[in-house]
Amino acid sequence: MGPRLTHWLIALAVMVLIYSGVIILMAHPRHYWGTAGNDLIEPLFEVPLGPNYHAIGWTRGTPFFDCTGGPETANRLVEPWNKNGWARSLHFLAAWFFLAGLIVYLAIGLFTGHARKYLLPQRSELGCKNPWHDVRAHLHLPMPSADPGPPYSILQKLAYALVVFVALPLTFLTGITMSPAISASYPILLDVFGGTQSARTIHFFTFAFLAVFVLVRLAMILLTGPARQLRGMILGR
Ligand code: HEM
């Protein structure tokens with residue numbers, strides 16, 4: 001019961017975080033590495049999304065003082081789209097539910113043995129024959145209808161373990177690293193991720209991984225008997 005409830009809490013929170021995150025992303029789709037990032041710095045890559053994609057253009061700078069060679073400010077040619085305040089508030093609100101769900105889920109999973117029993121692949125399952133056999137089974141269409149787990153197949157276990165023990169904690173850690181108040185209190189976070197902008201770029205990649213996971217998971221539910229799968233996920237049978 002506990003893992004199922006917290007699973008749904010995390011799933012709902014992640015949906016809201018993905019939605020609000022994409023709005024935040026549209027305000028500045030450029031990603032950088034290191035500590036600094038802004039429109040005047042060459043980005044690592046830019047996500048082709050939203051009205052601010054490639055929306056950069058600067059006129060010659062306006063000098064602060066009436067002299068040559070002094071400091072000057074650059075002027076934008078385009079008015080950037082910047083209506084993402086509500087998405088930020090929603091993102092940080094959903095992050096609390098996400099965090100509460102994740103802590104309880106991990107605590108139940110680790111202390112009751114749920115994680116070891118159902119999520120972590122056993123050594124005997126990890127020979128290359130098993131995962132490969134599972135990949136081939138998943139490529140056959142139409143897919144045979146399947147009983148909802150647990151037990152889970154080796155591919156499911158690998159995907160779930162990666163999500164629960166790597167992607168979700170990493171999204172949380174990179175998320176809090178972007179908070180100036182938290183990184184000022186725990187500067188080790190900036191050392192670990194190499195700066196606020198690197199944390200933001202890693203946050204983006206963990207988001208992309210989780211978004212693909214959610215899409216594949218939904219596709220699998222639809223392909224293997226949605227009513228049966230949802231009954232299993234909600235009622236546990
Ligand atoms: C406790 C958890 C989380 C915290 C504290 C957090 C925090 C943040 C912060 C501070 C930003 C703003 C970045 C910026 O200024 O551009 C952000 C952006 C974003 N977040 Fe989260 N986040 C969390 C979880 C998640 C999760 C679970 C997802 C989705 C799976 C997600 C997806 C995104 C996306 C897509 C963006 C925009 C990324 C970008 O601009 O590169 N976040 N998050």
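The values are calculated or read from the model by the stated rules, or taken from the named source; none is laboratory data. Predicted model only: the values in this text are computed from it and were never measured. Virtual Cβ from ideal backbone geometry, glycine too; neighbours counted across all protein chains shown. For the accessible areas, the whole protein counts, side chains as well, though only heavy atoms, and no ligand, DNA or RNA atoms are used. Shrake-Rupley method; radii C 1.70, N 1.55, O 1.52, S 1.80 Å.
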Exercise. Taking the Cα atoms only, what angle lies between the long axis of helix 196-223 and the longest principal axis of the chain, rounded to 10 degrees?
Worked result: 40 degrees
Exercise. With every protein chain left in place, what is the accessible area per residue of the chain in square angstrom, probe 1.4 Å?
Worked result: 62 Å²
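Determine the calculated [θ] at 222 nm for the chain from helices alone, applying -39500 (n - 2.57) to every DSSP H run no shorter than 4 residues and normalising by the residue count; nearest 500 deg cm²/dmol. Don't jump to the answer; show the numbers that get you there.
Values: 9 runs with 132 residues, N = 237.
Helices in the chain give a 222 nm mean residue ellipticity of -18000 deg cm²/dmol.
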For this session: Two decimals is fine: what is log10 I(q)/I(0) at q = 0.11, 0.14, 0.24 Å⁻¹ for region 33-111, from a Debye sum with one equal scatterer on every Cα and no solvent?
Result: -0.58, -0.77, -1.15
For this session: Calculate the length of the line joining the C-alpha centroid of region 13-38 to that of region 166-199, in whole Å.
Result: 14 Å
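If you roll a 1.4 Å probe over region 5-95 with all protein chains in place, what percent of the accessible area is carbon or sulfur?
On the way: 3780 of 5860 Å².
C and S atoms contribute 64 percent here.
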Seminar exercise, completed: The helix 85-111 Cα axis meets the longest alpha-carbon principal axis of the chain at an angle in degrees, between 0 and 90 and rounded to 10, of 30 degrees
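Using only the Cα atoms, what convex hull volume per residue in Å³ does the chain have? Could you put the intermediate results ahead of the total?
Details: hull volume 41.4 nm³, N = 237.
Value for the chain: 175 Å³ per residue.
Top to bottom by accessible area (1.4 Å), largest first, where do THR177, THR62 land? Walk me through the intermediate numbers first.
Numbers: THR177 0, THR62 65 Å².
Reading off the accessible areas and sorting them downward yields THR62, THR177.
Counting other Cβ atoms within 10 Å, which chymotrypsin sites (Phe, Trp or Tyr not before Pro) in region 1-80 have at most 11 and lie in a DSSP loop? Please report the intermediate quantities before stating the final value.
Working: sites: TRP8, TYR19, TYR32, TRP33, PHE45, TYR53, TRP58, PHE64, PHE65; in loops: TYR32, TRP33, TYR53, PHE64, PHE65.
Passing both the DSSP loop test and the Cβ count: PHE64, PHE65.
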